[in-house]
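The values are calculated or read from the model by the stated rules, or taken from the named source; none is laboratory data. From a predicted model like this one, the values you see are computed outputs, not experimental measurements. We place every Cβ from the backbone using ideal geometry, glycine too, and count neighbours over all the protein chains shown.
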Amino acid sequence: MFSDRTNWNLQPNRLSAALARHRAAKKPLLDLTASNPTQCGFAYDSDSIFGVLGNPSALIYEPEPRGLVEARKAVAKYYADRGIAVPNDDIILTTSTSEAYSYALRTLCNPGDEILVPRPSYPLFELLAEIQDIKLVRYALVYDHGWQIDFHSLERTITPQTRAVIVVHPNNPTGHYVKAEELTQLNAVCSTRGLALVADEVFLDFNLDNETPGSLAANEAALTITMSGISKICGLPQMKAAWLITSGPQKLKTEALARLEVIADTYLSMNAPIQAALPSFLEERHEIQGQIKDRVKHNLKQLDVQLAPHKTCGRLKLEGGWYAVLRVPATRSDEDLTIDLLENREVYVHPGHFYDFESDGYLVVSLITSLADFAEGIKRVLSIF
């Protein structure tokens, strides 16, 4: 009766089962995986948010496949603020970046085709690929005083079935931004092999230095689909607004946009109140971003202070995003370690294998956890060593 694509193993893993038992018993828990900004104690301007959701223009239905013009202009202004000119017609609005991935993969791939994704990276890719009936193939990010793309690994994974290379800019959880020289190599690989470049930039604004990181939205050397949304940019995951931008050689861009528009027209998923509110949400992003960046920097400093006396533990260098990767002694599996921390220290962290680290000895923690919980949680994590 059911499709093979949804024939997933829905049994909880050992860590998920342990977490469910812990919560069912109503035991105290310091959650160092918290990544929902609306539940991390940030101050939102509720009057402004509620006010723009009552825009009378939302009472009029205008079925525009790419999204309402004023909403797309707001997205274009977001990039203009970064010094990048993005034409309105190159923007298609979606309800989420997951939906944007669906549009992109449906446009680029036939069933059974392959896309290349970075390792380590966020585990959502596997489900997105399975739902679209395509195959994930992983290429390596390597760490050597900082993260970088292993182009030897990437090129070895390309087959006649490969259709696209996904980059996450910055990567989640490593915090690695695609460097200019890496983009040059990516363009060379994609343009010579007839591949598209798909760039996920949801964490783009959350850099740790004072320089504004570049976007791939203006990349012209290869067909490029860049996506982002207000879930991270504005700290508003519940408002469900995202977009994808198509750039590259004109002929390829024109054909891609025409195909994407048909998909968008089929679903017409964006609702009018959120589209009407999008200009205001994006205009007011700086306040919540400032709060989040301050939290990230404070928690990162706290992490470094606590790590300083430890000779066997450390953290990997990161350039942006909301997460830190801890390097710890690999005396047992990361899953065993995280279950021990949960059951005996009442602190919850993600094991490295959750993000597809190939070996044990890695833990991932969220840097937007409340200050007190983060400090105490890290203290408990390190106490085990």
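Could you grab me the full set of residues in segment 291-322 that are out of contact with any Phe, Trp or Tyr (no Cβ under 9 Å at 6 or more places or on another chain) and modelled with pLDDT of 95 or more?
Correct list: Asp294, Lys297, Leu300, Lys301, Asp304, Val305, Gln306, Leu307, Ala308, Pro309, Gly314, Arg315.
Within the option set Asp150, Asp144, Asp133, being among the acidic types (Asp, Glu), free of Cβ contacts under 8 Å to residues at least 24 places away in the same chain and over 17 Å from Leu186 (Cα atoms) holds for one residue only, Asp144. Scanning segment 329-347 for residues that are modelled with pLDDT of 95 or more, of a type in the set (Ser, Thr, Tyr) and within 15 Å of Leu382 (Cβ to Cβ) yields a single hit, Thr338. Counting only strands (runs of 3 or more DSSP E) wholly contained in segment 48-145, the ones carrying 2 or more residues that are of a type in the set (A, V, I, L, M) and over 17 Å from Gly229 (Cα atoms) occupy 114-119, 135-143. Of everything in segment 146-180 that is hydrophobic (A, V, I, L, M, F, W, C) and part of a strand (DSSP E or B), the residue that is farthest from Leu300 (Cα to Cα) is Ala164. Count of segment 237-247 residues, restricted to those that are of a type outside the set (D, E, K, R) and surrounded by fewer than 22 Cβ atoms within 10 Å (Cβ to Cβ), is 3. The condition of being of a type outside the set (A, V, I, L, M, F, W, C) and either crowded, with 16+ Cβ neighbours inside 10 Å or in contact with a Cys (Cβ under 6 Å, 6 or more places away or on another chain) (or both) holds for only one of Gly146, Gly194, Gly175, that being Gly175.
The selection criterion, being in contact with a Gly (Cβ under 6 Å, 6 or more places away or on another chain) and more than 28 Å from Lys77 (Cα to Cα), holds for Val347. Considering segment 217-323, the qualifying helices (runs of 4 or more DSSP H), each wholly inside and each with 3 or more residues that are farther than 25 Å from Ser46 by Cβ, run over 250-267, 285-307. Does Val364 meet the test of being outside the structural domain of Tyr177 (by TED's automatic domain parsing), buried (at least 22 other Cβ atoms within 10 Å of the Cβ) and more than 27 Å from Phe125 (Cβ to Cβ)? No. The residue that is surrounded by the most Cβ atoms within 10 Å (Cβ to Cβ), among those in segment 25-59 that are among the acidic types (Asp, Glu) and more than 30 Å from Leu341 (Cα to Cα), is Asp45. Scanning segment 345-385 for residues that are within 23 Å of the chain's Cα centre (by Cα) and assigned to a strand (DSSP E or B) yields a count of 8.
Being assigned by TED's automatic domain parsing to the domain that holds Leu204, hydrophobic (A, V, I, L, M, F, W, C) and either assigned to a helix (DSSP H, G or I) or surrounded by 18 or more Cβ atoms within 10 Å (Cβ to Cβ) (or both) is a property that Leu342 lacks.
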